[in-house]
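Encoded as structure tokens, the structure appears first; notes follow it.
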Amino acid sequence: MDLKLKVSIVTVTYNEAKMLHYALDSVKEQTYRHIEHIVVDGNSTDKTKKIVSRYRRIKFYSREPLGVYDALNYGLKQCTGDIVGFVHGSDALASATVISKVVKAFEADPELDFVYGDLQYVEPVTRRRGRIYHADRFEPHQLIGGMAPPHPTLYMRRRTAEYIGEYSTDYPIAGDFDMWIRLFKDKSLKYKYIPELIAEMTTGGLSTRWRARLFYNNIEKLRVLHHNGLPANPIRLGMKYLYVIRDAISDIFNG
């Protein structure tokens, strides 16, 4: 009997054929082999399907594009692994040993429900590496200020994902922020920060465009906070960009 924990990775994509191979290759190259890879495509009109067909053992689903979080929910329903995580269509796992380190954390603590780690931003074409999102600097009380760990580094036990419920499709940009709030609010759940670079996230995505971050993202976060019974203060949300600038300056001086 194979007692190894099985990991399900969901990749949501829509017309990202030029960068999709970064995500697919990063999963394929993992040293941990007990992985189920699920790709949910929003009926792309580019060469997405052709690119995915070059990879063995990927479970491919193409369906009407109803938003990122609807696609994530659909992908989660297809998962059969013990642990679930996400590698979005233009992103990638940061190294070939990421999943083995994630699994090690869950193996060491059967009561552990979810983990998260660090993320590095990369430019979409050159893949030039930018600033690192240091998740060890996050504290749950910062949620009311719009701060949260980087979503591409979240890995949950499937039982936890089923318990906490689906991503809300009411928030086209901030559905992941809502998920973080629900995870951290539930005191029955046990979590851990993994001091590792987990993912590479392409800049220019829906939630990283400056217009989205400065307006639409914050409007949605105010709604999320209010819905979850937390203080919703627009000034407090605006203050988070001071932390972003601080971290960027710290990274420059610390090499």
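Under the √(5λ) rule applied to the eigenvalues of the Cα gyration tensor, what semi-axes describe the equivalent ellipsoid of the stretch 1-75? Give them in Å, descending.
They are 23, 15, 9 Å, listed from largest to smallest.
Counting only C-alpha contacts under 8 Å and six or more residues apart, can you give the relative contact order of the stretch 76-166 as a whole percent?
Details: 94 pairs, mean separation 35.2, N = 91.
With pairs under 8 Å counted, the relative contact order is 39 percent.
With a 1.4 Å probe and all protein chains kept in place, how do 66, 183, 3 rank by accessible area, largest first? Spell out each step's value before the answer.
Working: 66 100, 183 0, 3 140 Å².
From most exposed to least exposed: 3, 66, 183.
Would you mind estimating how fast the chain diffuses translationally, via Stokes-Einstein at 20 °C and 1.002 mPa s with the Kirkwood radius over Cα pairs, in µm²/s?
Here the translational diffusion coefficient equals 115 µm²/s.
Could you grab the relative contact order for the chain? Cα pairs under 8 Å, six or more apart, rounded to a whole percent.
For the chain, the relative contact order is 21 percent.
Percent antiparallel among DSSP beta bridges with both residues in the stretch 90-235, to the nearest 5?
45
Could you grab the relative contact order for the stretch 1-81? Cα pairs under 8 Å, six or more apart, rounded to a whole percent. The partial results should precede the final answer.
Values: 122 pairs, mean separation 32.0, N = 81.
The value is 40 percent.
Of the DSSP beta bridges with both residues in the stretch 1-135, give the percent that are antiparallel, rounding to the nearest 5. Walk me through the numbers on the way to the answer.
On the way: 3 of 19 bridges.
Of all bridge pairs located within the stretch 1-135, approximately 15 percent are antiparallel.
Can you divide the C-alpha Rg of the stretch 34-142 by 2.2 N^0.38 Å and report the result to two decimal places?
Normalised by 2.2 N^0.38 Å, the Cα Rg of the stretch 34-142 equals 1.22.
On average, how much accessible surface per residue is there in the chain, in Å², for a 1.4 Å probe, leaving out ligands, DNA and RNA? Walk me through the intermediate numbers first.
Numbers: 13050 Å² over 255 residues.
Per-residue accessible area for the chain comes out at 51 Å².
Ignoring ligands, DNA and RNA, what percent of the accessible area of the chain is carbon or sulfur (1.4 Å)?
55
For the stretch 1-26 and the stretch 94-114, what is the separation of their Cα centres, given in Å?
So the two Cα centres are separated by 16 Å.
With every protein chain kept in the model, how would you rank 159, 137, 128, 57 by accessible area, 1.4 Å probe, largest at the top? Mind dumping the intermediate values first?
Details: 159 125, 137 85, 128 160, 57 200 Å².
Ranked list, largest accessible area first: 57, 128, 159, 137.
Checking the cross-link filter: which lysines have an alpha carbon closer than 22 Å to that of residue 104, excluding same-chain neighbours under 8 positions apart?
The qualifying lysines are 4, 6, 28, 190, 192.
With charges set only on the Cβ (+1 for Lys and Arg, -1 for Asp and Glu), what does the dipole of the chain come to about its Cα centre, in debye to the nearest 20?
400
Helix-only mean residue ellipticity at 222 nm, the chain, DSSP H runs n ≥ 4 weighted -39,500 (n - 2.57), per residue, nearest 500. What is it?
That comes out to -10000 deg cm²/dmol.
The values are calculated or read from the model by the stated rules, or taken from the named source; none is laboratory data. Predicted model only: the values in this text are computed from it and were never measured. Note that each Cβ is placed from the backbone with ideal geometry, even for glycine, and that neighbours are counted across all protein chains shown. We work out accessible area using only protein heavy atoms, side chains counted, and drop any ligands, DNA or RNA first. Shrake-Rupley method; radii C 1.70, N 1.55, O 1.52, S 1.80 Å.
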